[in-house]
Amino acid sequence: MRPLHRLYALPLSLSLLVPATASAQSVTEAPRVGWMPSSRVSVGSRLVLRVGPYTLGGVGGQVAVRLGERVTVDLFTDHMVGTRDGALRHDHEVGTMLRVNLTPGSRWAVAPMVGACANLAVLHAAQSPDVTVSDIQFGARAGLGVDYALPHGISLGGEALALAYLGHALTGWAYRAESSPDLSVTGAGQVTLHANLHF
Amino acid sequence: MRTCISDLVGLALAALVTACAPAPDVARANADCAACHTDHAARFATSSHARASESALFTALRARADAPTAAFCDRCHAPHEAPDERGVGCVTCHQAAGARGLSNGRLVPGDPSVVYGRGASTVRTIAHEIRASGFVTGGELCGTCHEVDGPGALVETPFTEWSQGPARALAVTCIDCHMGRSPGRADGFETAPATPTSPAHRRSDHGFVGPDHADAPALLGQSAVMTLDAPVEADGALVFALTITNRNPGHALPSGARFAREVWVEVTARDATGATHTVSGGTDAAGAPRDPETRIELGDRIAYHDEVRVPWRASVLAVQALAPGASRTWRVNVPDRWNGAPTVSVTARLLYRRNDARLRASLGIPLTARDGAPAVLATATRDAP
């Protein structure tokens, strides 16, 4: 288990740094408006709230690459924590989304999206944090995103997503943390808010 | 479902701190504990835990296991990381922070500088930190090993039986009955110091008295009552109703490693000449049953697939153990006369043998006098009409 602890420490600390760097860069950017074809790549940071077997909140980062007038591919990573009955759970996720912009040329981008992700979930027993279980879960996600373009190549947006994960259910007690031996599918909902910087 | 999103930042930091904490890599030796806890060490040396990797039956079976199966045995029978250690030891229990499941020995060791216990000590020591743990004192610790969900007939379920039984409802745990002053009963604890220089406090008996312990008679005497009702006469036979009640509210009778044990009823009749005849439950010179199919048994019915009886390559056909507090009645037919001499009285004895004779014989380790002599759990006698 120890090596895993080290594994998740790195992305977690990086994710805390991403918002700081992003805002520093935005000051130096020239004013830019709308979803111009010249803007192909954007980088952003995000806040995540997930509701499911566990309620988790956290931060993340994303890179969006526009492939055509309407189609954008996102790569993202999210890092979330939450508790249930005192048991700490943290999730570390990477994934990709495909969005289709229904309103090209407008300051508003309204885009249905689908994607896939892989999630490392770690659970600690409530009274004995040394007792952990972890699982790598694979997920599919779909939902709707809305973005609004501001000056200076900045956009703000949000997403509402439905998620389904295939993995082992993790359950925590005072001194126990258990991973179910059976694979199962669990559902969750997620809301994301992000700020992107366009190049 | 209590969730506090407001604590998220704190939790994230806590996660980072946990992540960076040094890994405990040295397991402590049990001999270290004996230096101060002299009474505990001496009493513990009498327990089956201290010899859990050494019994004749265990070593004979483990020798037949492939490497992954032997490693599975060792999780519970020899769970030490430190070299030169045998059996279950002080460190196994007192450094267990918790478990990854209540079965199959999935203990998780905690910080080696901490001992987990009741946390009632008022005296401090430089030897270790003391932390209260409901895991150690509530019985879940016991359940982690005393619940085997192994392959085949390598099954033990005392913790599940306890969880579903009356003792749990009364908040009576494994510790009350197996570490208290009276083996097999929740009768309180002795008072004695934890080290020769400490003040007296609640002493938990580290003999872990079980059927293999020298104090087993006191324990086994708590297990069952048996009755024989007045017989009815039918076709030259006397038909007795024999009832066994498991008086132990803690778990089934028998419990634990049922594949290793033998629990059966021996019925004998005395005729008018004073001669005694075995009606059922008799054994041969090697201890094997003469009427294995018909005698009254409480042990599991196990189908072994090979000549040599290896539990994890066998299957349990039926569990015949009595649930906590439960009773069961059998009809026992006794001939009303023996070579013309009428039956005068009938005696039933509920017998318990720590190692099954046929299991031992098939492994080439015949029963010794100590292992072979069955303990008597209960007796009932009834005169013929």
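Miscellaneous remarks
- Residue selection: A:Gly105 fails the criterion of being open to solvent by less than 20 Å² (accessible area, probe 1.4 Å), more than 30 Å from B:Pro109 (Cα to Cα), over 15 Å from the mean Cα position of the chain (by Cα) and not aromatic (Phe, Trp, Tyr).
- With respect to the conditions (1) touching a residue at least 40 places away in the same chain (Cβ under 8 Å); (2) touching a helix residue (DSSP H, G or I) at 6+ places or on another chain (Cβ under 8 Å), B:Val263 falls short on a single one, namely (2).
- Of the residues in segment B:52-72, not one is within 23 Å of B:Ser204 (Cα to Cα) and among the charged types (D, E, K, R).
- For segment B:341-352, the count of residues that are out of contact with any strand residue (DSSP E or B) (no Cβ under 8 Å at 6 or more places or on another chain) and open to solvent by 20 Å² or more (accessible area, probe 1.4 Å) is zero.
- Flag for B:Leu8 being modelled with pLDDT of 95 or more, in a helix (DSSP H, G or I) and among the aliphatic types (A, V, I, L, M): no
- Filter pass, B:Val91 being outside any loop (DSSP other than H, G, I, E, B), among the β-branched types (Val, Ile, Thr) and either out of contact with any strand residue (DSSP E or B) (no Cβ under 7 Å at 6 or more places or on another chain) or modelled with pLDDT under 95 (or both): yes
- Boolean, A:Pro112 is part of a loop (DSSP other than H, G, I, E, B) and more than 30 Å from B:Gly138 (Cβ to Cβ): no
- Some residue of segment A:55-67 being open to solvent by 60 Å² or more (accessible area, probe 1.4 Å) and in contact (Cβ under 8 Å) with a residue 40 or more places away in the chain: no
- A:Leu75 away from chain B (no Cβ under 14 Å), under 10 Å from the mean Cα position of the chain (by Cα), modelled with pLDDT of 95 or more and farther than 30 Å from A:Ala177 by Cβ: yes
- Looking only at residues of segment B:94-105 that are in a loop (DSSP other than H, G, I, E, B) and open to solvent by less than 30 Å² (accessible area, probe 1.4 Å), we find that the one that is farthest from the other protein chains (Cβ to nearest Cβ) is B:Gly105.
- Test: residue in segment B:331-339 that is outside any strand (DSSP E or B), on the phi > 0 side of the Ramachandran plot and open to solvent by 60 Å² or more (accessible area, probe 1.4 Å): yes
- Here is the figure for segment A:127-179: residues that are open to solvent by less than 40 Å² (accessible area, probe 1.4 Å), within 13 Å of chain B (Cβ to nearest Cβ) and under 25 Å from A:Thr96 (Cβ atoms) total 3.
- Pair list, Cβ < 7 Å and 6+ apart or interchain, from segment B:281-307 residues that are on the phi > 0 side of the Ramachandran plot to residues that are of a type outside the set (A, V, I, L, M, F, W, C): B:Gly281/B:Glu266; B:Gly281/B:Arg295; B:Gly287/B:Gly372
- Screening A:Ser42 against (1) modelled with pLDDT under 90; (2) among the polar types (S, T, N, Q); (3) open to solvent by less than 10 Å² (accessible area, probe 1.4 Å) leaves a single unmet condition, (1).
- Condition met for A:Gly82 (among the small types (Gly, Ala, Ser), out of contact with any Gly (no Cβ under 6 Å at 6 or more places or on another chain), open to solvent by less than 50 Å² (accessible area, probe 1.4 Å) and more than 30 Å from A:Phe199 (Cα to Cα)): yes
- Condition check for B:Val108: within 14 Å of A:Tyr175 (Cβ to Cβ), open to solvent by less than 20 Å² (accessible area, probe 1.4 Å), within 14 Å of chain A (Cβ to nearest Cβ) and outside any helix (DSSP H, G or I): yes
- Checking B:Leu367 against (1) in contact with a Lys or Arg (Cβ under 6 Å, 6 or more places away or on another chain); (2) part of a strand (DSSP E or B); (3) open to solvent by 20 Å² or more (accessible area, probe 1.4 Å), the condition it does not meet: (2)
- Residue selected from segment B:65-93 under the condition of a type in the set (A, V, I, L, M, F, W, C), touching a helix residue (DSSP H, G or I) at 6+ places or on another chain (Cβ under 7 Å) and touching a residue at least 60 places away in the same chain (Cβ under 8 Å), by the criterion farthest from the other protein chains (Cβ to nearest Cβ): B:Ala65
- Across segment A:103-115, not a single residue is classified as charged (D, E, K, R), within 14 Å of chain B (Cβ to nearest Cβ) and more than 18 Å from A:Gly189 (Cβ to Cβ).
The values are calculated or read from the model by the stated rules, or taken from the named source; none is laboratory data. As the structure is a prediction and not an experimental result, all values here were calculated from the model. Reconstructed Cβ throughout: ideal geometry from the backbone, glycine too, with neighbour counts over all protein chains shown. Each accessible area value is taken on the protein alone, full model and side chains, heavy atoms only, with ligands, DNA and RNA left out. Shrake-Rupley method; radii C 1.70, N 1.55, O 1.52, S 1.80 Å.
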